[in-house]
Amino acid sequence: MIRTRIFVGTILAAAVAGILIVDQWLAPWYPCLFVCLMLVGFVATRELIRLIAAEHRPREWLVVVGIMLILASNFALPFGSRLNDNWEPVILTFIVIYAVAFFIEMYKYREPGTATPRIAYTVFAFVYLGLFGSFFAQIRWLGDPARTSLMLALAIFVPKAGDIGAFFTGTFLGKHKMTPILSPKKTWEGFAGGLIAAALTAMAISYFGDVFRHGIVEAAAFGIVVGIAGVLGDLAESLIKRDGRAKDASQNIPGFGGLLDVVDSVLFAAAIAYVWFKFG
């Protein structure tokens, strides 16, 4: 199990690093990021829908199309305006597909009890994978390609390093359960080890460029805060899985479960990283 996780995790990390490096040469369109977001959005959305109880499950085609449109709308404006604000097409797309979800339920309505929960789950999916996923693209528009590559690397590798640190620390030293119901394997020792790993990773990446104005101290603080966000993102997906009576989102990725099990921590972390870099 551990060997499989290390092997697959190394491949995934190398793929992400390759995407960040290659896209620097393809700026300002960043096609690798676009394709990656589309693929992850498509697969993760289908996994998420299958975790929802059948009687309340939203219409798969609507949710998939809606999330793909939200993610694609991040790339709608010409590059010159992206450096200012690129959220307008994202919010507009979200509002339009939100209204479409209502219209479809009105048209299909036959009996009470399912329409409102279905709309609620549809909007939840739009926010969870569409809006949260948009932060990865929005980080790209915060500056020049080299700098935003480091920002994206921090948003992705810091929470994942926290996952790895928590896994190994919890495996060998874990004694005190952190969330016995939501995630029985998580321990407070693993949580502490994960935060240390996240902080060290942020500090290491910061040496490759001028990302943090306050140097190594800010890098360590960023690692701890984003590491906590990653844990919350992991627990959020655990809540969804437990509520859907599933152990993993799927079995698509050996050693990890589903793609949603891989990206759960970075969804929350990317949002915190974006706020940190934009307003910090």
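The values are calculated or read from the model by the stated rules, or taken from the named source; none is laboratory data. Here the structure is a predicted model, which is why all the values come from computation and not from measurement. Note that each Cβ is placed from the backbone with ideal geometry, even for glycine, and that neighbours are counted across all protein chains shown.
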Return yes when Thr93 is hydroxyl-bearing (Ser, Thr, Tyr), over 17 Å from Trp141 (Cα atoms), touching a residue at least 60 places away in the same chain (Cβ under 8 Å) and buried (at least 20 other Cβ atoms within 10 Å of the Cβ) and no when it is not. no
Qualifying residues in the stretch 30-55 (those that are part of a loop (DSSP other than H, G, I, E, B) and under 21 Å from the mean Cα position of the chain (by Cα)) - the one farthest from Ala115 (Cα to Cα): Tyr30
For the stretch 56-81, enumerate the residues that are within 25 Å of Ala155 (Cβ to Cβ), aliphatic (A, V, I, L, M) and outside any loop (DSSP other than H, G, I, E, B). Val63, Val64, Ile67, Met68, Leu69, Ile70, Leu71, Ala72
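Here's the yes/no breakdown for (1) in contact with an Asp or Glu (Cβ under 7 Å, 6 or more places away or on another chain); (2) in contact (Cβ under 8 Å) with a residue 12 or more places away in the chain; (3) under 30 Å from Tyr30 (Cα atoms):
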position	(1), (2), (3)
Glu105	no, yes, no
Pro112	no, no, no
Pro117	no, yes, no
Val123	no, yes, yes
Leu129	no, yes, yes
Failed condition for Ala229, given (1) small (Gly, Ala, Ser); (2) farther than 30 Å from Ala53 by Cβ; (3) touching a Pro at 6+ places or on another chain (Cβ under 9 Å): (2)
For the stretch 121-140, check the following and say yes or no: at least one residue is surrounded by fewer than 17 Cβ atoms within 10 Å (Cβ to Cβ), aliphatic (A, V, I, L, M) and at pLDDT 95 or above. yes
Of those in the stretch 177-204 that are aliphatic (A, V, I, L, M) and modelled with pLDDT under 95, the residue surrounded by the fewest Cβ atoms within 10 Å (Cβ to Cβ) is Ile181
Specify the residue that is farthest from Arg140 (Cα to Cα); the eligible residues are those in the stretch 175-211 that are in contact (Cβ under 8 Å) with a residue 24 or more places away in the chain and assigned to a loop (DSSP other than H, G, I, E, B). Ile181
